[in-house]
Each structure stands twice: as C-alpha cells, then as structure tokens.
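Single-structure report; data block below.
The values are calculated or read from the model by the stated rules, or taken from the named source; none is laboratory data. These figures come from a predicted structure and were not determined experimentally. For neighbour counting, all protein chains shown are included, and Cβ atoms are generated from backbone atoms with ideal geometry for every residue, glycine included.
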Amino acid sequence: MALKDNLKEIHQKISAAAKRCGRNEDEITLICVSKTIDAETINEAFNLGERVFGENRVQELTEKYPLVNSDARWHLIGHLQTNKVKYVVGKAELIHSVDSLHLAKAINAQAEKQGICQKILLEVNISGEESKYGLTTQEIPTIIKEIGNMKGLSFRGFMTMAPLYAEENEIRDIFSKAKRLFDEYKPYGSEVLSMGMSQDFEIAVEEGATCVRVGRSIFKK
C-alpha cells in the first residue's frame, strides 16, 4: 500500500475508535513515528497533511530536522540520556520520555540556558515491566512538585505504553489507569495523554489518549 493509503486507513481507524466512545476525532493527534524513515518520505507524509513526527533517537531527530519542512513539529518519544539533552531542547516541541528528576533537571538547565520553556511529558511505567523505563505512580507527586519550581520546564501530561504482546484486557487496564492519572493532574497542567502504538492505538483512543504514536502501520511498504 502507498503511504497515502496507509495514512487514510489509520485516520479512519482513529475516527471509528473515537466514535465508539463518544469522542471527537479532532481531540486526537496522530504522531507519525519516523524512526529509520528517510527525510524524503517524511516530507511526503508532510505534503499529505501530517504535521507531527516522533523520533526515538536524538541523532536521527537532529539529522532530519534541517531536511524536513520547517513547519513539521517534532516530538522525542524515545529514552533520553542526560548527555543528549542539549541536542534536543529547542528542536523537539514535546519530550515524551522524562522518566527521572535527574533528567528533568538537565532539561530545565538547558532550556533556561536557551531562554525557552520546554514542554515535557512524564513517562510512567504503569505495567511495572522491569525492561521498561518510566516513573512509578508513587513517584509522580514528588516530581511534579519539583517541576513546578523549574522555570525552563512546562509539564503537559503523561506518556505510557502497554507490553507488546499483552491481552486486550491488560492493555485496557494500563491505559485506563493512565487516564485516571492524566485526569488527576489536570490542575497541574496535564493536557496530553500519549499512549497507543501500531498494535493498540485504537484501544488507546477508546481509553482516552489525546495522541497516538504510530509508525510501522504508516510507513510499511
């Protein structure tokens, strides 16, 4: 299938999932996960109407950044090491993967240095998988309080993911817990709930995601 057809199919699925739970599809942002995808193909997606692209690796983001239409909006969705922060702040509209106070402080320092306010999501490991990054729900209150005192950071919400081969009921449980966390922290600026990938984005929409991260299903040949 062509890229155009793939995108049309994904948008139709988002729309249908939104309707099933009484939501407006305009509430949900599609993040085209463009890891390993060349700049030419990303520009093709941009010309088809897509605006938000997600990268897992800092190096890929920085390499593609000058080669893609300047109106494209970049999100860093992969794990971020503190020594790479300086390459991302100011380029990524939103960093999804803040998983420690140490990282938050590093982003804040770089943002203050650049005179900007960097939007971030806190990555929360609701499933408790040891192989996954992310804060526990118990750590959230403390880090949000600390972030509130950082002039270079703007807390915007949460990111989570379900285990790759989980059953639907387990996926729904994880996503619904993330939605409760998202709702609980609305008074603190929570307005983005990033969850759902190629294999489970429709469930994520039904459970309240405001953005879904889809790559494989969009850029497949």
Single condition M1 does not satisfy, out of (1) among the aliphatic types (A, V, I, L, M); (2) in a helix (DSSP H, G or I); (3) at pLDDT below 95: (2)
Among the numbered criteria (1) in a loop (DSSP other than H, G, I, E, B); (2) more than 23 Å from K91 (Cβ to Cβ), which one does Y133 miss? (2)
Do we have any residue at all in the range 66-79 that's in contact (Cβ under 8 Å) with a residue 12 or more places away in the chain, assigned to a helix (DSSP H, G or I) and loosely packed, with under 15 Cβ neighbours inside 10 Å? no
Restricting attention to the range 16-65, and to residues there that are free of Cβ contacts under 8 Å to residues at least 60 places away in the same chain and small (G, A, S), which single residue is nearest to M195 (Cα to Cα)? G22
F175: part of a strand (DSSP E or B), surrounded by 15 or more Cβ atoms within 10 Å (Cβ to Cβ) and among the aromatic types (F, W, Y), yes or no? no
Only one of (1) touching a strand residue (DSSP E or B) at 6+ places or on another chain (Cβ under 7 Å); (2) surrounded by fewer than 16 Cβ atoms within 10 Å (Cβ to Cβ) fails for N47. Which number is that? (1)
For the range 56-98, the count of residues that are within 20 Å of E123 (Cβ to Cβ), touching a strand residue (DSSP E or B) at 6+ places or on another chain (Cβ under 7 Å) and not aliphatic (A, V, I, L, M) equals 9
Looking only at the range 20-32, count every residue that is surrounded by 13 or more Cβ atoms within 10 Å (Cβ to Cβ) and either among the basic types (K, R) or in contact with an Asp or Glu (Cβ under 8 Å, 6 or more places away or on another chain) (or both) and tell me the total. 3
Selected residue (criterion: surrounded by the fewest Cβ atoms within 10 Å (Cβ to Cβ)) from residues of the range 150-172 that are acidic (D, E) and in a helix (DSSP H, G or I): E168
